[in-house]
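Please read the structure below before turning to the comments.
The values are calculated or read from the model by the stated rules, or taken from the named source; none is laboratory data. Note that the structure is predicted; figures quoted are calculated from it, not measured. Using ideal geometry, Cβ is built from the backbone for each residue, glycine included, and neighbour counts are taken over all protein chains shown.
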Amino acid sequence: MRPQRPSRLFVGASEIATCTGPPRSSPAEDPAAVVRGAAVLVRDGRIEAIGAERELRAAGSDPEIVDCSGGLLTPGLVDSHTHAVFGRWRTDEYVLRCRGVPYQEIARRGGGINASVRDLRSRSEDELLELALPRLDEMLRNGTTTAEVKSGYGLCTADELKMLRVVQRLAGLQPITLVPTFLGAHEVPPEYRDRRAAYVDLLVREMIPAVAEAGLAVFCDVFMEPGVFDRRESATILRAALEAGLMVKLHADELEGSGGAELAVELGAASADHLGAVSAAGVAAIGRSSTVATLLPTTLFFLGRRAYAPARALLEAGATVALATDFNPGSSPVCSLPFVLTTACSQMAMEPAEALRAATAGGAAALRLADGTGCLRPGAPADLALWHVPAVEHLPYRVAGRVLAAVWKAGERVV
Ligand SMILES: [Zn+2]
């Protein structure tokens, strides 16, 4: 018989945010579903019970005690939208943007997504793996225990498969659970600029079947935005992905509203992401659907934009909201979900409890994880973050502070 891992009892937390509440705060309901004066019993990598310490001490058959005195205990954070595998950082472009050079001009000088594409194509799988490991470690040290990672800097079959193999290898080399997404439709690569239809054809006939066949992705995503992929192209690509057995997501309405939210709902997408310029009809469509509204406020913050996604309207329409970093070298070099919480509360008027739920249970919903990831409840994975703060509202309030105390993945301490 396999030796059982020791049970652990987490005691003394000033608040335990179970994140099992509804997406939106109301006088009667708390999205973070905070409990006080309780303990959490963990056994064999899962949460066994949350309740009175005295009872759980007995039930745990001499558990190892984890002292959380005065801290906030939450689920490990779920970052449901990242581009964490890439080559070099793009600080050169950042300096240009700080000088006021517009993005179109930066792209004309060889910057933008295509700069990352050239860079990634020139690197080996091992090199990309070595570059990604410390970045994932930084995410872990900001409380993230589950993260989606997209391809999309290869933009040809061989390099897209290379990126997804890097994600697959990374999953076995560090503690964060990784959910892979194929984003071959991130941009039209330069060699197809004058024959876009041929690139859509390549995606549909070759890349998507190859990715599905290799079992290297769970989701397929498309960057739908004027000048990138239009509605018809996006629908064609995502329908091919659904046929190949992948679930779908959509970069929708980031800077200009173009019906992306509506298309995501029509296709039954797991999430519509960005939504900085979503229309009222798009908000209503998402509110009536099971498509999660994944908001990425640090991208708009980093780009210096003033207008953010209408988080309140989405919540009031009934949407499940997720918050994610959009971690990427161009528009959001952000590994910290706590900082995303700050931007969500300060710039989009989300309440701290709504924001925490969105970066835990909301993220898990956007990744269609039904095993309890993102929540603290019996049966859920024992992915836990302990913070040096006494209550949920301190997390977004302590802007960019070093507030993480410890992280457990499947019950084992990893930070
Ligand atoms: Zn993105």
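Only residues that are without any contact (Cβ under 8 Å) to a residue 24 or more places away in the chain and out of contact with any Cys (no Cβ under 9 Å at 6 or more places or on another chain): list them for segment 402-412, please. Quick ask: steps written out before the conclusion?
Of the residues in segment 402-412, the ones without any contact (Cβ under 8 Å) to a residue 24 or more places away in the chain are 402, 406.
Matches in segment 402-412: Arg402 only.
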Quiz item: Which condition does Leu303 not pass, out of (1) within 16 Å of the ligand (Cβ to nearest atom); (2) surrounded by 21 or more Cβ atoms within 10 Å (Cβ to Cβ); (3) within 30 Å of Trp387 (Cβ to Cβ), if it passes all the others?
Solution: (2)
Quiz item: Is it true that some residue in segment 199-217 is crowded, with 18+ Cβ neighbours inside 10 Å and within 16 Å of the ligand (Cβ to nearest atom)?
Solution: yes
Quiz item: How many of the residues in segment 15-44 are in contact with a Lys or Arg (Cβ under 7 Å, 6 or more places away or on another chain) and surrounded by 14 or more Cβ atoms within 10 Å (Cβ to Cβ)?
Solution: 9
Quiz item: Of all the strands (runs of 3 or more DSSP E) wholly in segment 28-119, which have at least 1 residues that are touching a strand residue (DSSP E or B) at 6+ places or on another chain (Cβ under 6 Å) and within 16 Å of the ligand (Cβ to nearest atom)?
Solution: 77-79
Practice problem: Select, from Ser69, Ser61, Ser116, Ser122, the only residue that is on the phi > 0 side of the Ramachandran plot, out of contact with any helix residue (DSSP H, G or I) (no Cβ under 8 Å at 6 or more places or on another chain) and not aliphatic (A, V, I, L, M). | Solution: Ser61
Quiz item: Name the residues in segment 150-163 that are out of contact with any Phe, Trp or Tyr (no Cβ under 6 Å at 6 or more places or on another chain), in contact (Cβ under 8 Å) with a residue 24 or more places away in the chain and either more than 16 Å from the ligand (Cβ to nearest atom) or of a type in the set (Phe, Trp, Tyr) (or both), would you?
Solution: Cys156, Thr157, Asp159, Leu161, Lys162
Exercise. Scan segment 230-247 and report the pairs whose first residue is under 14 Å from Thr181 (Cβ atoms) and whose second residue is among the basic types (Lys, Arg) and modelled with pLDDT of 95 or more, with Cβ atoms within less than 9 Å and a gap of 6+ or a chain change.
Key: Leu238/Lys249; Met247/Arg368
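Of these, Tyr153, Tyr94, which one is among the aromatic types (Phe, Trp, Tyr) and either under 24 Å from Asp383 (Cβ atoms) or crowded, with 19+ Cβ neighbours inside 10 Å (or both)? Quick ask: steps written out before the conclusion?
Working: Tyr94 fails: either under 24 Å from Asp383 (Cβ atoms) or crowded, with 19+ Cβ neighbours inside 10 Å (or both).
Only one candidate qualifies: Tyr153.
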Quiz prompt | Cβ-Cβ under 8 Å pairs, at least 6 apart or on other chains, segment 119-139 side without any contact (Cβ under 8 Å) to a residue 24 or more places away in the chain, far side acidic (Asp, Glu) | solution = none
Quiz item: Checking Leu303 against (1) more than 19 Å from Thr82 (Cβ to Cβ); (2) over 18 Å from the mean Cα position of the chain (by Cα), which single condition isn't satisfied?
Solution: (1)
Practice problem: Hey, could you check segment 332-361 for residues that are surrounded by fewer than 22 Cβ atoms within 10 Å (Cβ to Cβ) and under 22 Å from Leu178 (Cβ atoms) and say which is nearest to the chain's Cα centre (by Cα)? | Solution: Ser336
Practice problem: Mind counting the residues in segment 61-118 that are within 23 Å of the chain's Cα centre (by Cα), of a type in the set (Val, Ile, Thr) and closer than 30 Å to Ala49 by Cβ? | Solution: 2
